[in-house]
1. Just checking, does the range A:411-428 include any residue being farther than 29 Å from residue A:502 by Cα and more than 14 Å from every other protein chain (Cβ to nearest Cβ)?
2. Working carefully through the options A:17, A:28, find the one that is within 24 Å of the chain's Cα centre (by Cα) and on the phi < 0 side of the Ramachandran plot.
3. Would you be able to tell me the number of residues in the range B:52-70 that are assigned to a helix (DSSP H, G or I) and among the polar types (S, T, N, Q)?
4. Could we say that residue B:73 is facing chain A (nearest Cβ under 9 Å) and either outside any helix (DSSP H, G or I) or at positive phi (or both) here?
5. Can you name the residue in the range A:16-25 that is surrounded by fewer than 16 Cβ atoms within 10 Å (Cβ to Cβ) and of a type in the set (A, V, I, L, M, F, W, C) and is also farthest from residue A:385 (Cα to Cα) among such residues?
6. Looking at the structure I just gave you, is residue A:142 on the phi > 0 side of the Ramachandran plot and in contact (Cβ under 8 Å) with a residue 60 or more places away in the chain?
7. Starting from residues that are at the interface with chain B (Cβ under 7 Å from one of its Cβ atoms) and not small (Gly, Ala, Ser), keep the ones in the range A:438-462 and report whichever is farthest from residue B:167 (Cα to Cα).
8. Quick check: is even one residue across the range A:118-128 more than 30 Å from residue A:511 (Cα to Cα) and either of a type in the set (Phe, Trp, Tyr) or modelled with pLDDT of 90 or more (or both)?
Amino acid sequence: MSAPSSISLPRDKSDQIGRILVLAYLIIFLCFMVFPLFSLMSKSMQNADGVFVGFQNFVAYSKEPTLFKSFFHSLFVASASTIIVVCLGFIYAFALQCTCMRFKGFFRVVALIPLLSPSILAAIALVYWFGNQGILKSFLLGNSIYGPIGIIMASVYWTFPHALMILSTSLSLSDARLYEASEALKASKFKTFLSVTLPGAKYGIISTTFVVFILVFTDFGVPKVIGGNYNVLATDIYREVVGMQNFQMGAVISIVLLIPALLAFGLDQYSRKRQASQLTSRSVVYVPNPDKVRDNLFFAYCLLITFLIVAMLGMAQFGALVKFWPYNLSLTLKHYNFEVAGLGWDSFFNSVRMSLYAAFFGTILIFVGSYLIEKMRSDKSLRELLQMVALMPMAIPGIVLGLAYIFFFNAKGNPLNFFYATMAILVVNTIVHFYTVSHLSAITAIKKLDDEFESVSLSLKIPTYKMFFRVTLPVCLPTVFDIFIYLFCNAMTTVSGVIFLYTYDTTLASVSAIHLDEQGDVAGAAAMAMLIVYISFVVRGLHTLISTLLLKRTQAWRNI
Amino acid sequence: MLRLKRIQAVGDGVVNSQSQYLKVENLSKYFGSFKALNDISISINDGEFVCFLGPSGCGKTTLLRCIAGLELQSSGKIFQNGELISDLPTSQRDFGIVFQSYALFPNLSCFENIAYGLRNAAWTKVDIENRVDSLLDLVGLSDHSAKYPSQLSGGEQQRIALARAIATSPNLLLLDEPLSALDAKVRIHLRQELKKFHRSLGLTSIMVTHDQEEALSIADRIFVMDGGEIMQVGSPEEIYRHPESAFVANFIGMTNFLSGTVVDAKTIELGALQFQIKTDGFAKGDKVKIAARPESVKILRTKTKQSFEGKIVELEFLGSFVRLHISTSLLTDGNLLADLAIFEKPPSNISLGGIVNFTFSPDLLSIF
């Protein structure tokens, strides 16, 4: 029985340091999330001269049919993609978790590959498959790939692993005792599926729905490349801001984009809370029995899905190597010169640098922040506030955050103005944008540590920071590595967050892929997108290698 | 660290000539509006082994954590060795602590766990090695030096935690339910070990527990707590034999509660009987409660002037004794429990449904 800890005063030195750190975190979030969003909101209520006009811009927006239509476009592609991904992902997850299909490991790995690629890669590959000069153009029966069809197909591709991860986790939690009970009651297999499997995965399915919906609803890269004249909210923001320099309207649309995203996020949080109370630690892991027909059917299905994933990747790579699609199919490396964008490989190296910075500083920031929230003894209300704030980035679309940064940091008289147009702003934006998921996994890892470690350490007169480096960090090292690689891959592939923030000196690979495509160099775009895949792949490989070696040393205590 | 053991049972909770080591004065602790500790004043003698005993939520852990500085009291003072410590941070207080969860660092070997607190002070490498080796020896785990905590059994882990807690030679040892997470048998074994250990070091120790048997077997003195207050202080025997309140009587061991009316200085009307028992401190006509342990019930072969009658409705075989559940008019609800040692030749009517005569040993009863 441990009493709730509620020390009202910081008394140990570590308590005082902790309080200062928590305050520093709150200031960071204030400067790099709250204030920018606030400037975005105030911008949406100003006219071009910066005079406050209330909701006038919103009224103007709703009277503009072309703009207003984009809202429904976004809603439509997001809903359609969500339904398709949840169905496809559920069957795939079911095959991985609840059948005795062979080559599960292979199928799992291949399905996660889209995580390594920028979302636009799928859009580019689709152009090669079904575009005006695509080899399977006739499959679309006269419909154009440039529009909702393309957006939905590409969105399904890149959100598939996100859905799969949540769904297979929720299926892996199914309790064997329920299956045994169902069998003992002579329920048919289908009945068991309906009464045990599906309800068990219910919250996973709900969560996946919200997550995928937000991802597609707020995505910028895919509709930019393959949307054609089919405008969605994210591309409208870009066009208003970059094309027409109409910042106010950009801000208005951002808020229109932000609200459904916040709503979906809130609902997701709510359903996750319900789920937590449903799980018991005494569940017995379900191990499926072989069933030849079922296993073969699911094997065929997974084979088909992985084939489609590989087809996307393969076509993007093929397109990047072909001399002049579709007329001259001989191979060349000339598209890797990236002459059209005029920057050569600079943007690629910028991206790698930016991603390394974001991964390095982000990991430290996120892990220490989670530690403070979980293990500090004092300042409970401050820590709760920080926890709440740390969940918010998940709800903020990247393109909204990016635009908010312009308004805030580029404002005259802002002492943080020096920050604008630097590499640092890209790094910070990326860390904030991807903060929440890593934060949650760090919290989970730290929660597993005994609450009394700090007390024992203090009683032995060892300061808490020493204990952090001797025990907490080494024990959580696998999670720390995971956070690093998550941040790196996302920083490499992100477009929406940074599209407004880069400068001539800090162009990024994913952004220049978009520009290459914009300028008609689809092959160059494909080449750049594939470079991102390869570097992510290499870094992930290195990550696996280093962590295996390092973990063997630091985690020896685990597997004895 | 050598210390003479100066323990003796302290009669009536009065502190004798022994030196006070720890003194708590008017300590209160609130969690919001919940009063976890209500004006607690206690003192603990040098070298004593005391237990804070009580049901969960009684405040015993909170009291321990206040002494450790892991919780901050809302009001009141704590003195250790004459020095006011209640406003000192944890790291400036002098104590070692063992938790129910052991809280051993999983990534450090047993050796490193014990050496953890020594890596700070002015200890040379050789000194550390010697110190840890002698501690490992003390807890009987010399062979396990290089192992990780996860390779040890619960009991072994607890002993490592103990060694770690005393490695820096603190003058006070705090034990927060140290045995609760262990199997019954290991628990009993370790509790003897802990007692031996305490006897050899003479280290002032405070153990928090909810297990009355554990407290009775191990402590020099027990502080029974309930609702954030100290209900009774005394040696295990005093607490068991002479509970001062119905709560203590009920919480420590099994107890039958009987209702009666004081007749005079030597008599209580109990059921239809004038039962002979001293009634010091009560006036004629007082309604009293009488706590009777199951072992204070004597089964008689024949009816006597002081005997009651009842029907056996349940027989429980509990190893060294048989527990009878007797339905009797003395109790308005429930049955009277009576323990019958197995070596006693039972009267022939001890069987289910049998009618028995019984009485109570007056000196084993407590009156409230």
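The values are calculated or read from the model by the stated rules, or taken from the named source; none is laboratory data. All of these numbers come straight from a predicted model, not from anything done at the bench. Positions of Cβ are backbone-derived with ideal geometry, glycine not excepted, and every protein chain shown enters the neighbour counts.
1. Residues of the range A:411-428 that are farther than 29 Å from residue A:502 by Cα, as a first pass: none.
Checking the range A:411-428: not a single residue is farther than 29 Å from residue A:502 by Cα and more than 14 Å from every other protein chain (Cβ to nearest Cβ).
2. Details: A:17 fails: within 24 Å of the chain's Cα centre (by Cα).
Of A:17, A:28, the one residue that is within 24 Å of the chain's Cα centre (by Cα) and on the phi < 0 side of the Ramachandran plot is A:28.
3. Residues in the range B:52-70 being assigned to a helix (DSSP H, G or I) and among the polar types (S, T, N, Q): 2 in total.
4. On the way: facing chain A (nearest Cβ under 9 Å): no; either outside any helix (DSSP H, G or I) or at positive phi (or both): yes.
For residue B:73, the condition - facing chain A (nearest Cβ under 9 Å) and either outside any helix (DSSP H, G or I) or at positive phi (or both) - is not met.
5. Step one: list which residues in the range A:16-25 are surrounded by fewer than 16 Cβ atoms within 10 Å (Cβ to Cβ), which gives A:16, A:20, A:23-24.
This time we only want the ones that are of a type in the set (A, V, I, L, M, F, W, C), so: A:20, A:23-24.
Working: A:20: 14, A:23: 10, A:24: 13 Å.
If we take residues in the range A:16-25 being surrounded by fewer than 16 Cβ atoms within 10 Å (Cβ to Cβ) and of a type in the set (A, V, I, L, M, F, W, C), then A:20 is farthest from residue A:385 (Cα to Cα).
6. Details: on the phi > 0 side of the Ramachandran plot: yes; in contact (Cβ under 8 Å) with a residue 60 or more places away in the chain: no.
For residue A:142, the condition - on the phi > 0 side of the Ramachandran plot and in contact (Cβ under 8 Å) with a residue 60 or more places away in the chain - is not met.
7. Of all residues in the range A:438-462, those at the interface with chain B (Cβ under 7 Å from one of its Cβ atoms) come to A:450, A:452-453, A:455-456, A:458-462.
Then drop every residue that is not not small (Gly, Ala, Ser), which leaves A:450, A:452-453, A:456, A:458, A:460-462.
Values: A:450: 21, A:452: 18, A:453: 16, A:456: 12, A:458: 14, A:460: 9, A:461: 12, A:462: 13 Å.
Among them, the one singled out is A:450.
8. Initially, the range A:118-128 is screened for residues more than 30 Å from residue A:511 (Cα to Cα), giving none.
Within the range A:118-128 (the criterion being more than 30 Å from residue A:511 (Cα to Cα) and either of a type in the set (Phe, Trp, Tyr) or modelled with pLDDT of 90 or more (or both)), the answer is no, since none of the residues qualifies.
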